[in-house]
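One structure below.
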Amino acid sequence: MAASKRKDSDSKTTDGKRIVYSEFGNVDNSAALQRGVAEVPPNQQNLKIEASRKGRGGKTVTVISGFQEKPETLATLAKQLKAQCGTGGTVKENEIEIQGEHKQKLLEIITKLGYKAKISGG
């Protein structure tokens, strides 16, 4: 019983994670360990828009790939695209996934923003 009444302040924790050893020092500095991504102007990026169902339980998702942007920029762009399409979506590994099949609509929106984009796949 005594072990279960131990206070959190007695043990050294960081956000509930118990760290035994860390080679690179403070874990809160994880941004310093990430590689930088060069921001390329939108008119120099070649994007690919395709609809996919693979690994999604039969649900269609429109995937926009080929971005060379920072994750923060992709998140704001994804938010704007989701609002324009009226659906949900996410950002995964420099790709934006929008729920549903919105290839033509996304092509129009992205070209208005200055990106070069093509629809791929059937």
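When you scan the range 45-58, do you find a residue that is touching a residue at least 40 places away in the same chain (Cβ under 8 Å), assigned to a loop (DSSP other than H, G, I, E, B) and either crowded, with 17+ Cβ neighbours inside 10 Å or in contact with a Lys or Arg (Cβ under 9 Å, 6 or more places away or on another chain) (or both), even just one? The answer is yes; a qualifying residue exists. When the range 95-122 is filtered for residues that are touching a helix residue (DSSP H, G or I) at 6+ places or on another chain (Cβ under 7 Å), assigned to a loop (DSSP other than H, G, I, E, B) and either under 24 Å from LYS54 (Cβ atoms) or open to solvent by less than 60 Å² (accessible area, probe 1.4 Å) (or both), the ones remaining, listed by number, are HIS102, GLY114, TYR115. When LEU77 is tested against the conditions (1) in contact with a strand residue (DSSP E or B) (Cβ under 6 Å, 6 or more places away or on another chain); (2) surrounded by 17 or more Cβ atoms within 10 Å (Cβ to Cβ), the lone failure is (1).
The values are calculated or read from the model by the stated rules, or taken from the named source; none is laboratory data. None of the values given here were measured: they were computed from a predicted structure. No Cβ is skipped: glycine too gets one built from the backbone with ideal geometry, and neighbour counts run over all protein chains shown. Heads up: the accessible areas ignore ligands, DNA and RNA and are worked out on the full protein's heavy atoms, side chains in. Shrake-Rupley method; radii C 1.70, N 1.55, O 1.52, S 1.80 Å.
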